[in-house]
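Chemist: Structure incoming, see below.
Quick note: the coordinates plus some simple rules give every number you see, no bench work behind them. Because the structure is a prediction, the values reported are computed rather than measured. Note that each Cβ is placed from the backbone with ideal geometry, even for glycine, and that neighbours are counted across all protein chains shown.
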Amino acid sequence: MIDHQTIERIQDTAQIVDVVSDFVTLRRRGVNFVGLCPFHDDRTPSFYVSPAKNICKCFACGEGGSSVHFIMKHEQLSYYEALKYLAKKYNIEVVEKELTNEEKQAQSDRDSMFILNEFARDYFVKILHENLEGKTIGLSYFRERGFRDDIIKKFQLGYSLEQRDAFSSEAQCAGYKRDYLLKTGLSAGGENNSPLIDRFRGRVIFPVHTLSGKVVAFGGRILKKVENTGKYVNSPESEIYSKSKELYGIFFSKSAIVKADKCFLVEGYTDVLSMHQAGIENVVASSGTALTLGQIRMIHRFSENITVLYDGDAAGIKAALRGIDLLLEDGMNVRVVLLPEGEDPDSFARKQNAEKFNQYIDQNEQDFIRFKTNLLLDEAGDDPIKRAGLITNIVHSIALIPDNIKRSIYIQDTANLLNTRENVIIAAVNKIRIKNYEKRKEQREKEESRETTIETETSSEIPTLESKKFVTTRNPYEKSERELIRYIVRYGTLPIFVRYEKEKRKEEDKEIEVEVTIEDGPSVIEVIKFDLLRDKFIFTDEVFFSNSLYRTVFNEACEKLSDESFVCDRYFLTHHDPKISKLATDLISDKYQLSKIHAKSIGESEDEKSSRLHERNLLDKLVVRATTELKNAHIMQMIKELRKKLEIADSEEETELMGRLLQLQDLKKVLAKNLGERIILKY
């Protein structure tokens, strides 16, 4: 357990722009920063980062929060693991109590698997550099391939001994469980309690890192010719590893990609190593698989420009074309470079330095659509049927491009290359785009139908922050409750109103007028508490909030009000319960803020503007309206329930129920008048 003071220190030190920039390319927009959201398929920047509030928020998918919440979501860590991640990043000492056996048992499988992978990486590195077999076989292989020691150490390359269970035995002796050895794929076998076998035995090891540098998987290359054995073996899919979502080298390349605003895409591990050694660091590998949407979105966070390097193998190029179409669909600018015959990125980079390599790229890279058109033209020759198929193929790629201007330019260029009328290609592109739109629409309708079914099945549940998409249909109090909690979190300790008077003073021999406070009203929390407490007729057992999360925030705010150091937004943003701190972040998030220039032009900063809301009595009116709306919602619900009871009540009960109903309806009239509504009650 981490104490509240340490949590506050971590939150204060971890600047949101600094943390998010490790994973997303941000550009300044006014007083905020904006970038592509890493949590959904974002093609136009909707992920806002506020340095002033130290929070982030996606206004498309709703994800966001403080630095801690961002790391929790992005790296799939628990609240306390995310705190420790940031503490390590900023060299903050975290003192926590000794975990009990029960707490140790509660550690997640994911955490245990990551810890085991780190142990495995260190073990393989140690074997490569210190073990006789590792040095004579593994290290010799890397050096024969021309890799320098600094590259070998940078990418944490290793070696696994040929002994069947060398690593598995070492890991079990170190206390790692068989279950995790099997789940991570580091070991195989183990059926019926039989001994485990090392998956990567007799292979050089390439660790695969996440964006934050955690080891998520391994690739192993065999060095001896063995029948029915693949040259490469990779970690299997697991709770922490999905091959379609990872790119080899992304951790070491992300900064260079941002700096160059370009990413080179290659196929294998050694391609990345050789290019780094040649001084070209903005490179990632798809690890021999077709490019996936998850990998594309990862690249897109850092740059819109991608150059694919091909080794001249026609069959390999055609197999990769589908992945390139996905790049176009995601709005990327795609260029292609065909390397000299007999060369691949690994061999070519080893013969070049960075200057010569980039010079070759500049002279030989082609736009993808033009490259694909020329490639298929060579194959089709003069065959009219093949040429017709070629046009259809190219049109499918062009139709995927989301930008209208780019798409129109590609249509013109392709029409010239294929000696075809432009209007024919335009018609074909539009037909495909309409068809694709209908497919997406149908898919969305199916998903909405599925979500509606889930909503109906769970309609009796109390709404939570995670289920906010449907709360308005399930909970009649949600809107008013959330609004009240928003005022508490944002302005809780502020006076509900402040009265000023102007006073004349002399400064530098000049008489000036200044505003002096003559009266402070009660705080926002006190006003809300008083307004709800006086209506015990409406609320049962003083339960003012049906949502348990809101109720906790309200109760804690009331308890802390006597503490002079209590600041609402700060307290709840750094709350030990991640659900409450996430809620606080959502409640204080604003998509738009005045820039410094505009704020200056009206004579006050954005912070001053927020703090002066009460001066104009706006806050007073807003809080009163929100409490009135909450009471109104409760009364409407009570009237509805009373009418149901009246339908089955006997004569004695009917008199009592009618009296209560009339009382509620009178109160409803008063509340409706306060809200400025006109109502007609049916008796």
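Chemist: Would you mind checking Lys259/Lys406; Lys579/Lys645; Lys579/Lys621; Lys88/Lys135; Lys53/Lys153 for any pair whose Cα atoms are more than 31 angstrom apart?
Modeler: Cα-Cα > 31 Å for Lys579/Lys645; Lys88/Lys135; Lys53/Lys153; rest within.
Chemist: Note the direction-averaged projected area, equal to a quarter of the hull surface, for the Cα convex hull of segment 4-104, in nm².
Modeler: For segment 4-104, the mean projected area of the Cα convex hull comes to 7.2 nm².
Chemist: Got a sec to turn the phi values of segment 172-184 into Karplus ³J(HN,Hα) couplings, 6.51 cos²θ - 1.76 cosθ + 1.60 with θ = phi - 60°, whole Hz, x for Gly and Pro?
Modeler: Values per residue, Gly and Pro as x: 5, 5, 7, x, 7, 6, 4, 4, 6, 5, 7, 5, 6 Hz.
Chemist: What value does segment 250-433 have for Rg/Rh, both radii from Cα atoms and Rh as Kirkwood defines it?
Modeler: Computed over Cα atoms, the ratio is 0.98.
Chemist: Now for a different question. Could you work out Rg/(2.2 N^0.38 Å) for segment 108-241, with Rg from alpha carbons only?
Modeler: Ratio of Cα Rg to 2.2 N^0.38 Å: 1.01.
Chemist: Once phi is turned into θ = phi - 60°, what whole-Hz ³J(HN,Hα) does the Karplus curve with 6.51, -1.76 and 1.60 give for every residue of segment 412-417, x standing for Gly and Pro?
Modeler: 4, 4, 5, 4, 5, 5
Chemist: Name the residue farthest towards the positive end of the dipole of segment 4-104 from the options Gly30, Ser66, Ile92, assuming +1 on Cβ of Lys and Arg, -1 on Cβ of Asp and Glu, about the Cα centre.
Modeler: Of the candidates, Gly30 comes out farthest on the positive side.
Chemist: Modelling each spin label as a point 7 Å along the Cα-to-Cβ direction, I'd like the Glu442/Arg178 distance in nm, to one decimal.
Modeler: Roughly 5.0 nm, to one decimal.
Chemist: Within the set Lys254/Lys351; Lys73/Lys529; Lys154/Lys177, which residue pairs have Cα atoms separated by over 26 Å?
Modeler: Over 26 Å apart, Cα to Cα: Lys73/Lys529; Lys154/Lys177.
Chemist: List the residues, sorted by chain then number, that are 5 or more residues from Asn333 or on another chain and whose placed amide H is less than 5 Å from its amide H.
Modeler: Asn305, Ile306
Chemist: Mind checking which of Ile405, Gln277, Ile250 is farthest towards the positive end of segment 250-433's charge dipole, using Cβ charges of +1 (Lys, Arg) and -1 (Asp, Glu) about the Cα centre?
Modeler: My answer, from the dipole projection, is Ile405.
Chemist: Could you list which residues have their amide H under 5 Å from that of Gly65, counting only those 5 or more apart in sequence or on another chain, with H placed in the peptide plane?
Modeler: Counting only residues 5 or more places away or on other chains, the set is Cys56, Lys57.
Chemist: Starting at the first residue of segment 641-655, write each ³J(HN,Hα) from the Karplus equation 6.51 cos²θ - 1.76 cosθ + 1.60 with θ = phi - 60°, in whole Hz, x for Gly and Pro.
Modeler: My calculation for segment 641-655 gives 5, 5, 5, 5, 5, 4, 5, 10, 7, 7, 5, 5, 5, 4, 4 Hz in order.
Chemist: Could you list which residues have their amide H under 5 Å from that of Asp165, counting only those 5 or more apart in sequence or on another chain, with H placed in the peptide plane?
Modeler: HN-HN under 5 Å from Asp165: Asp198.
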